[in-house]
Each structure stands twice: as C-alpha cells, then as structure tokens.
Amino acid sequence: MKVLVSDSLSEEGVRILKQDTEVDVKTGMSPEELIACIKNYDALVVRSQTKVTRGVIEAAENLKIIGRAGVGVDNIDVEAATQHGIIVINAPEGNMISAAEHTIAMMMALSRNIPQANQSLKSGKWDRKQFMGVEVRNKTLGIIGLGRIGAEVARRARGMEMNILVYDPFISEQRADDLGIKLTSVDDILQHSDYITVHTPLTKETRDMIDTEQFKIVKPNVRFINCARGGIINEEALAMAVSSGQVAGAAVDVFVNEPPDDSPLLKQDNIIVTPHLGASTQEAQINVAVDVAEQIINYKNGITVKNAINMPYVQQDVMKILQPYLPLAEKIGKLAAQLIEDKYERIEISYSGKIAEKDTGPVTVAALKGLLEFVMGPSVNYVNAPVIAKERKITVVESRSKTEESYSSMITMSIITDGRTKTIAGTMVGVNPRVVQLDDYNIDVMPSRHMIIATHEDHPNIIGPCCMVLGKRDINISGMQVGSNKPGNTAIMVLNIDSEVDDDILKEIKDVKGILDVKSIYL
Ligand code: NAD
Ligand code: MLT
C-alpha cells in the first residue's frame, strides 16, 4: 500500500505507517500538484490544510481510503469519496480534551482580560484598573452541543462551580442526567447564561445559529466562546453585539475563512482570538496521527476501521464482537452470488443468538458487499454496497432474534429471486467461519478458496465417482461434507479443493449418474 501524507503529521503517526506501508510525506502541494500525483496512492492522510476536492477524488484512480488526522472533514468532499467507494476516516477522540481545555482557557482569558493585559504591560503600561475581571464561580455557562467536547467542557466547568445549561436536540435526557446537566432550549440559554460556548458541527442547521436576532435576547454582559467551527456564531453580528456593548466579550478560535484576513472579529479589543489552536497540543497531535495511522494499517490488513465516517459507525467494543462475522458474512454473500442465477429481488438477513444483541448493520453491509462484488466487480465495497443495492431496487431486510438456535450466534441470508428463495447460514466456530446451512440441508463446511457444490440423489455410488473425476486430474480434495434433507431424497455434497476446476471437469461430474446440479465456487 502506498500512502501520501500531504499535511504535516506527527512523527509517531508517520512511523506507524512506515512499518507496514510505503509512505511519501509531501506537504504544501498546490491543488494541481496533488491532482497530478494522487493516482499513485492507495491512501491519503491529511489534516485541515489539504483540500480533498471532487477533482482530487476523480484523479485518484487507486485511492481507497482518506484519513483525516482530526475531527472535521470540512476539507474533504465526502460525497464524492462515497460515490467513488473511497472510505473516509477521521480521529474524533484524539483532540477532544485539548479542544475542551482550550475552551476553558479562552473562557478564563476572557474573564480576566489576559491577552489585553499582557499586551498592555509589554507596551510599557502598568494599568491594573482597566483589566478588572469577573469570576466564573456561580455563573451560568450555556453549552450548545453536548458531544465529546461539549461534555468535557461541562465536566470542567462544574469543577469551577459553574451552573450549566445545555441545548442539544440529539441527546437523551438520560445522558444529560448522567452528566448532571439540565437540557433546555436555545432561547433559555440565550436569556440566562453569563457565558455561551458552542460545540456543534457546522451544518445547515447550525450555520448562523447565533445571529442578530439571538443577540437581541441575551443577558447583559454575556460572553461568547467559539472553539468549534467558524460561522456557527455569525461573525458580523457578533462583532456588532460586542461593539454595541450588548455582549461583554468573545473568544474565538475558528473562523468562516481561515486565515480570517479581514474578519470583523479581528478589529474588536473585547474579542480575543487564536488561530484555530483548539487541537494544537503535542498530545492531541500525537493522538490523532497515531489513531489515523493505525486505522489505515487496520484497513490494509482487512480489519474494519473504527471511524469510517461514510460507513456505519461501530463502537470499538461492539466491533470486537462483530469483527469475525464480517468476513463470514462476506463469504456467505459471495457464495450466494455463485449459487443464484436470477436477478435478486429481496435479501433477508437474520441474526440469532449473541450477535443479535449488537447493531449488526456492518455485518449486513459485509454480506451485501460479498453478494454484489461477485456480480459487479471490485468497485463494490463496504461504503457503496448499500447504495448500489438501493439503486438496483433490491430490498434489504435485516432482523434480529436474541434466541439461540443451533449455534450461539448465527447469520442467515435468504435471497429471493423470481419467487424462489436461496438460504445460506453461517456461524463462527472459534476463529473459523463455518457454513452450516444450504437451503434445507444442514452441513458444516469451512469455506475455502475453491469449492465444488453438487446436489444429487441420496443413494450410493455417486460421491465416489465424482471424487475419481477430480483424482484423475490430480485435484486434491482437502475437505468434504455431505448433507441430506430426508434420507433417500436428495443430498448436497460440498468439496473443498486445492485448485480451480475447468468446465470440462464440471461437465464430467455433472454426467455422473444421480448428480442433479454442480457448481464451482471461488471465494
Ligand atoms: P460531536 O459530534 O461529538 O458533538 C457535536 C454535538 O453537537 C452532538 O452532540 C450533536 O448532537 C450536537 N448538535 C448537532 N447539531 C446540533 C444543533 N443544531 N443544535 C445543538 N446541538 C447540535 O463533536 P465534537 O467532537 O464534540 O466537536 C464539536 C465541534 O468542535 C465540531 O465542530 C468540531 O469540528 C470542533 N472541533 C474544533 C477543534 C478546534 O481545534 N478548535 C478541535 C476539535 C473539534
Ligand atoms: C479538528 O477538526 O480536528 C480540529 O478543528 C483541529 C484541526 O483542524 O486540526
């Protein structure tokens, strides 16, 4: 795997990448230079400087994964990446403490006029009156957005004996209770807070969330902090509110345009600013670089990445349980694709036992990927498999039952085509995947690269002649399973073989008396 690191990345991350991949570090490239070289790489690692535009993605013939060492993916065209089957990953946890600490630092600097006092003293003045501050104890902090960073800010603010109000429409009362926090409305926060800090992503809903109208109802002497994304608080409106005295001050780390050049926020003494330093600590930079590098190595080694933002997010502890089932599900899908000739109409994937206690979404995606990849080629992946199924109007239905059937965990895939159903079920035995059901035949087969699956009449002198066909051609049989549905009726024979068989061999097997159907399988 060839990896391009196009923004400066902590050495620890580069070292991890270099242990297992070929790495080029090329920072400061122009968009044209990036477009010219990107086709040579399988993976791209960026921070916030490199703009991964649709143009870059279209030129990236071999790119499979984009890693963002940080949270925000505003600099990556994620939609274009998804359309091209490129996984986008980020590192959302590594810098949250640094960002929360920076927010608290900004709140304290704002309360005690530290930057202004520092500047004044260094310019030769000794002015103690002008920089009279305020305590934060017993003041109300309004937090908009109680995700990773908002929650860390809340914890720290409680330690400083502040009262906390929170607005976040996507978190439950339970989570707020766990944090000892009161959920309320934006208006309540605006009317009752002495400090207001925003910790949401920048979205259509959050852009200009605090604008002229909102400033009209704030408590006198409120102070605002934005260490999230430029534009959540409208820059012009904030500058006006501060200059009119409606707002006592503001601390801003992030800007609509970065660098902010002529932002009105730079022109106010009571607005303190930092150049997007929230994550700029040695610890955060190491954390995010190591996180992204490890995910890229995991991806290379076929281990599902934990923070792929354009495929379902799975918590690490859940992923530990689901991980072995992903290759199993993919194999079931691939096997199904080779046993069915008609157009798929509906795919039902059911989970039973322990696995059903988890969110099995990624396992369903793996099964779909296996099924569709066999038909449509390697452009199908974990990212676009559900999109392709939807585009093809294939209904995918997932169901879960915690009741254990024959195995402690089982995946059953049924594909309905033109009124007929093909069913395949699998489980894990230790670390080994097993196919345990093919239609109504119970079997116990370890899926291997090459297999032959034949249905036949259930009576003697059929299996031997089939094996002789293979023996004659020097094809080794490494495993064999026979399953029958009802003695004397029909049976299924599954052979694991060491090499591929050609059509002549298949025909010869098919000609064995009693054989009903035969298929060569490649997984
Ligand atoms: P997160 O995804 O963990 O949390 C965001 C929270 O915002 C979620 O709880 C979500 O429910 C909430 N939210 C979404 N829309 C909302 C709305 N309309 N109103 C209220 N709440 C809403 O994100 P995080 O990791 O905590 O990051 C928060 C912000 O900080 C992001 O914008 C991120 O890019 C930024 N950030 C900045 C720096 C920096 O260097 N300054 C560093 C890290 C993160
Ligand atoms: C992030 O998105 O991770 C932060 O804004 C910090 C950064 O851009 O590096």
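The values are calculated or read from the model by the stated rules, or taken from the named source; none is laboratory data. Just so it is clear, the structure is predicted and the values come from calculations on it, not from any experiment. Positions of Cβ are generated from backbone atoms using ideal geometry, with glycine treated the same way; all protein chains shown enter the neighbour counts. Each accessible area value is taken on the protein alone, full model and side chains, heavy atoms only, with ligands, DNA and RNA left out. Shrake-Rupley method; radii C 1.70, N 1.55, O 1.52, S 1.80 Å.
One decimal place: the segment ASP24-GLU61 gains 11.6 nm when fully extended, by the rule 0.36 nm per residue minus the C-alpha distance.
Given R0 = 51 Å, the distance between the Cβ atoms of ARG54 and ARG473 translates into a calculated FRET efficiency of 0.50. Between the helical axis of 282-300 and the longest alpha-carbon principal axis of the chain there is an angle of about 20 degrees. Go through LYS334/LYS354; LYS39/LYS334; LYS18/LYS306; LYS39/LYS354 and tell me which ones have a Cα-Cα distance over 31 Å in this structure. From the list (LYS334/LYS354; LYS39/LYS334; LYS18/LYS306; LYS39/LYS354), the Cα-Cα distance tops 31 Å for LYS39/LYS354.
Computed from point charges on the beta carbon alone (+1 for Lys and Arg, -1 for Asp and Glu), the dipole magnitude for segment 80-150 about its Cα centre is near 440 Debye. Rg over Rh for segment 411-458 works out to 1.00, both radii taken from alpha-carbon positions and Rh defined as the Kirkwood radius. Across every direction, the projection of the convex hull enclosing the Cα atoms of segment 174-331 has a mean area of 12.7 nm². Computed from label points 7 Å out along Cα-Cβ, the spacing between GLU33 and GLU345 is 5.8 nm. With the alpha-carbon atoms of segment 372-516 aligned to their principal axes, the span from lowest to highest coordinate is 45, 36, 35 Å, starting with the largest.
Here's how it looks for PHE224: its modeled amide H is under 5 Å from those of ILE196, GLY249, ALA250, ALA251, which are all 5 or more places away or on a different chain.
Summarise the accessible area of the chain (1.4 Å probe, protein heavy atoms) by the percent that is carbon and sulfur. Ligands and nucleic acids excluded, carbon and sulfur reach 49 percent. The sum of -39500 (n - 2.57) across all DSSP H runs of n ≥ 4, divided by the residue count of the chain, sets its helix-only mean residue ellipticity at 222 nm to -9500 deg cm²/dmol.
Between VAL387 and ASN118, residue separation times 0.36 nm minus the direct Cα-Cα distance comes to 91.3 nm.
I'd like the orientation of helix 463-472 relative to the chain: the angle between its Cα long axis and the longest Cα principal axis, in ° from 0 to 90, rounded to 10. Approximately 80 degrees, to the nearest ten.
Estimated at 0.36 nm per residue, the fully extended path between VAL397 and ASN298 surpasses their Cα-Cα distance by 32.7 nm. Within a straight-line Cα-Cα reach of under 30 Å, LYS129 can be paired with the following lysines, leaving aside sequence neighbours fewer than 8 residues apart in one chain: LYS139, LYS216, LYS219, LYS267. The Rg/Rh ratio for segment 448-523, using Cα coordinates for both the radius of gyration and the Kirkwood hydrodynamic radius, is 0.94. Within the assembled protein chains, the solvent-accessible surface assigned to MET376 is about 60 Å², based on a 1.4 Å probe.
With a cut-off of at most 11 other beta carbons within 10 Å, and DSSP calling the residue loop, which trypsin sites (Lys or Arg not before Pro) in segment 258-365 qualify? Please list them. Those that pass, being in a loop and sparsely packed, are LYS343. Of the chain, which part is the longest with no chymotrypsin sites (Phe, Trp or Tyr not before Pro) in a loop (DSSP not H, G, I, E, B) and with at most 12 other C-beta atoms within 10 angstrom? No qualifying site falls inside 171-523, the longest such stretch. Sorted on the mean count of surrounding Cβ atoms within 10 Å across their residues, most packed first, peptides 148-154, 489-495, 239-245 read 148-154, 489-495, 239-245. The separation of segment 348-401 from segment 227-280, counted between C-alpha centres, amounts to 45 Å.
Of the residues ASP504, ASP291, ranked by 1.4 Å probe accessible area with the largest first, the sequence reads ASP504, ASP291.
Could you check the simple spin-label distance between MET480 and ASP359, using points 7 Å along Cα→Cβ, in nm with one decimal? With each label point 7 Å from Cα toward Cβ, the separation is 4.7 nm. A DSSP coil position with no more than 15 other Cβ atoms inside 10 Å describes the following trypsin sites (Lys or Arg not before Pro) in segment 417-491: ARG449, ARG473. Among beta bridges from DSSP that stay inside the chain, the antiparallel ones total about 50%.
Evaluated at q = 0.10, 0.19 Å⁻¹, a Debye calculation over the C-alpha positions of segment 1-121 (equal weights, vacuum) places log10 I(q)/I(0) at -0.40, -0.96. Solvent-accessible area per residue in the chain equals 48 Å², computed with a 1.4 angstrom probe and all protein chains kept. Axis angle, to the nearest 10 degrees, between helix 148-159 and the longest C-alpha principal axis of the chain: 40 degrees.
For the chain, the Kirkwood estimate of the hydrodynamic radius, built from every pair of different alpha carbons, is 26.9 Å.
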